[in-house]
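S.K.: One structure is given below, represented as structure tokens, and several questions about it will come after.
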Amino acid sequence: MNRLILGLLIVAQQVSPQCGSSSTASVQNMVPLAINAGPTGDAFNTAFATVNICPAGQTTGCQSVDGVMVDTGSTGLRILSSALNVSLTPQTTSTGARVVECFPFQDGFTWGAVANADVKLGTYQASNIPIQVIGGSQVPAPPDACTSGGMPSEDTLNDLGANGVLGIGLFRQDCGFGCTVGGSSNPNIYFGCNGSNCQPITQSLTVQLLNPVWTFSSDNNGTAIQIATVPANGQSQATGLLLFGIGTQSNNSLGSATVFTVDGSGNMTTKYGSTTVPGFIDSGSNGLYFLDSATTQIQACNSNKDFYCPSTTLNLSATNTSTTGRVNTVNFSIGNAETLLNQPFSLLPQVGGSFAGYFDWGMPFFFGRTVFTGIEGETTPGGTGPYFAY
């Protein structure tokens with residue numbers, strides 16, 4: 001399962017509009033994105049959106065949550081319990097156990113109850129879908145089957161760095177068929193909890209966390225993210241757009257974008273230097289992450305070995321290849337992360353770091369591009385998803 005994020009940061013929430021409220025304004029298939037430092041002032045290369053959450057089937061008792069990170073590398077909506085004031089109906093098993101999810105990201109895991117909600121993005125609504133409410137006193141401590149990977153928990157604002165994660169990636173469900181089978185093949189993502197006793201369970205596709213966009217009544221075959229070009233030395237903040245649908249309206253046409261079909265794990269291949277690895281495009285990562293080869297031997301930072309700190313800015317390239325053989329070479333630059341992060345900027349296109357075994361085209365890849373994410377099984381003018389296109 002390649003639903004990964006690396007950098008997560010920030011923000012605040014406010015109580016406001018009702019999910020079921022009618023609007024006299026014309027329907028638009030988009031919501032604004034804010035790429036900024038967030039209220040704590042230390043986020044970088046992170047896009048945030050506002051999500052409106054209602055109890056399923058209700059138009060009162062709703063809440064708008066700001067500071068939800070937009071992530072093309074995962075599927076499903078996850079909201080911190082500390083940021084949520086809405087009372088939602090918890091999902092339970094046939095025996096009455098509470099369903100709790102342990103979802104693995106690249107930099108940690110989220111542990112929290114699954115509940116159903118109506119989720120509104122702009123004027124578009126995903127009705128009665130399962131979401132994860134991260135942390136909180138209503139769930140027991142995660143069991144060994146969740147924590148055995150050794151990754152840290154991201155169940156608080158300080159740990160997660162955002163009020164939630166809006167997963168609008170390639171897939172319809174967050175786990176897929178792997179979670180529908182029991183035994184040793186089960187990835188231990190969904191648990192049934194009776195009190196403090198939590199055991200791995202199977203979870204059918206219909207009750208797993210779902211891609212909210214896929215459940216829309218229209219413009220539901222994918223998304224596009226648009227962010228303007230960012231100067232090489234960075235800038236303090238920017239705005240962007242999250243568009244719903246691919247080729248369904250005049251503003252979401254593929255145009256001249258090249259479609260990169262992916263494998264069942266959501267990967268194309270990326271060749272950097274002499275090494276070819278699985279590659280993916282992930283708005284939830286705050287840099288370009290890859291393992292440097294002997295071609296350049298980029299120096300790691302002294303303060304944080306996960307980031308690269310070359311003595312001078314390096315102009316590099318890597319080549320993406322789709323599962324159908326389409327090829328494109330991407331030019332990019334890697335600067336000294338220590339120097340860059342000491343600037344008062346939250347958009348830093350030259351930040352990169354080490355990631356063995358994959359090439360992660362994170363948020364800097366999105367600057368100056370329109371990046372499309374085609375959802376699995378959905379028909380688009382560029383073919384059937386899943387795919388990335390840019």
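The values are calculated or read from the model by the stated rules, or taken from the named source; none is laboratory data. Note that the coordinates shown come from a computational prediction; the quantities given were computed from them, not determined experimentally. Cβ placement follows ideal geometry from the backbone for every residue including glycine, while neighbour counts extend to all protein chains displayed. Ligands, DNA and RNA are stripped out before the accessible areas are found, and what is left, the full protein with its side chains, is counted by its heavy atoms. Shrake-Rupley method; radii C 1.70, N 1.55, O 1.52, S 1.80 Å.
S.K.: Considering only residues of the range 177-199 that are in contact with a Cys (Cβ under 9 Å, 6 or more places away or on another chain) and in a strand (DSSP E or B), which is nearest to V262 (Cα to Cα)?
M.R.: Y190
S.K.: Also: Suppose we keep only residues that are in contact with an Asp or Glu (Cβ under 6 Å, 6 or more places away or on another chain) and part of a strand (DSSP E or B) within the range 139-176. Which one would you say is farthest from I281 (Cα to Cα)?
M.R.: V165
S.K.: What's the number of the only condition in (1) touching a residue at least 12 places away in the same chain (Cβ under 8 Å); (2) over 23 Å from A37 (Cβ atoms) that G368 fails to meet?
M.R.: (2)
S.K.: Taking only the range 267-312 into account, find how many residues are assigned to a loop (DSSP other than H, G, I, E, B), of a type in the set (A, V, I, L, M) and either open to solvent by less than 10 Å² (accessible area, probe 1.4 Å) or under 30 Å from F171 (Cβ atoms) (or both).
M.R.: Residues meeting the conditions: 1.
S.K.: If a residue has to be out of contact with any helix residue (DSSP H, G or I) (no Cβ under 8 Å at 6 or more places or on another chain) and open to solvent by less than 10 Å² (accessible area, probe 1.4 Å) to count, how many in the range 222-233 make the cut?
M.R.: 1
S.K.: Give the residues of the range 26-59 that are in contact with a strand residue (DSSP E or B) (Cβ under 8 Å, 6 or more places away or on another chain), open to solvent by 10 Å² or more (accessible area, probe 1.4 Å), part of a loop (DSSP other than H, G, I, E, B) and not aliphatic (A, V, I, L, M), sorted by residue number.
M.R.: Answer for the range 26-59, where residues must be in contact with a strand residue (DSSP E or B) (Cβ under 8 Å, 6 or more places away or on another chain), open to solvent by 10 Å² or more (accessible area, probe 1.4 Å), part of a loop (DSSP other than H, G, I, E, B) and not aliphatic (A, V, I, L, M): N36, G38, P39, T40, D42, F44, G57, Q58.
S.K.: Test each condition in (1) closer than 24 Å to G240 by Cα; (2) surrounded by fewer than 17 Cβ atoms within 10 Å (Cβ to Cβ) for T319 and report the one that comes out false.
M.R.: Just one mismatch for T319, condition (1).
S.K.: Also, quick follow-up: Scanning for something closer than 21 Å to N194 by Cβ, without any contact (Cβ under 8 Å) to a residue 24 or more places away in the chain and open to solvent by 20 Å² or more (accessible area, probe 1.4 Å), does the range 148-157 turn up at least one residue? Even if it seems obvious, please write down each step before you answer.
M.R.: Pass one, the range 148-157, residues closer than 21 Å to N194 by Cβ: 148, 155.
From what is left, the residues that are without any contact (Cβ under 8 Å) to a residue 24 or more places away in the chain are 148.
Okay, now just the ones that are also open to solvent by 20 Å² or more (accessible area, probe 1.4 Å), so 148.
The answer is yes; a qualifying residue exists.
S.K.: Still on this structure: Looking only at the range 134-175, which residues are touching a strand residue (DSSP E or B) at 6+ places or on another chain (Cβ under 9 Å) and among the small types (G, A, S)?
M.R.: G135, G136, A141, A145, G149, S153, G161, A162, G164, G167, G169
S.K.: Okay, next question. If the requirement is being within 21 Å of T269 (Cα to Cα) and more than 26 Å from the chain's Cα centre (by Cα), which of these qualifies: T339, T296, T321?
M.R.: Exactly one of T339, T296, T321 is within 21 Å of T269 (Cα to Cα) and more than 26 Å from the chain's Cα centre (by Cα), namely T296.
S.K.: Sticking with this one: Could you tell me which of the residues S236, S250, S218 is within 25 Å of A49 (Cα to Cα), open to solvent by less than 60 Å² (accessible area, probe 1.4 Å) and over 20 Å from the mean Cα position of the chain (by Cα)? Before you say what the answer is, go through the steps one by one.
M.R.: Values: S236 fails: open to solvent by less than 60 Å² (accessible area, probe 1.4 Å); S250 fails: open to solvent by less than 60 Å² (accessible area, probe 1.4 Å).
It is S218.
S.K.: Okay, next question. Just to be sure, is G136 in a loop (DSSP other than H, G, I, E, B) and in contact with a helix residue (DSSP H, G or I) (Cβ under 9 Å, 6 or more places away or on another chain)?
M.R.: yes
S.K.: Just one of (1) farther than 22 Å from N29 by Cα; (2) within 22 Å of the chain's Cα centre (by Cα) trips up G192, so point out which.
M.R.: (2)
S.K.: Which members of the range 200-214 meet the condition of being open to solvent by 40 Å² or more (accessible area, probe 1.4 Å) and in contact (Cβ under 8 Å) with a residue 12 or more places away in the chain?
M.R.: In the first step, residues of the range 200-214 are kept if they are open to solvent by 40 Å² or more (accessible area, probe 1.4 Å); the result is 200, 202, 204-207, 214.
If the condition is that a residue be open to solvent by 40 Å² or more (accessible area, probe 1.4 Å) and in contact (Cβ under 8 Å) with a residue 12 or more places away in the chain, then P200, T202, S204, L205, V207, W214 are the ones that fit.
S.K.: So, in the range 315-358, exactly how many residues are under 25 Å from S236 (Cβ atoms) and either part of a loop (DSSP other than H, G, I, E, B) or hydrophobic (A, V, I, L, M, F, W, C) (or both)?
M.R.: Residues flagged as under 25 Å from S236 (Cβ atoms) and either part of a loop (DSSP other than H, G, I, E, B) or hydrophobic (A, V, I, L, M, F, W, C) (or both) within the range 315-358 amount to 17.
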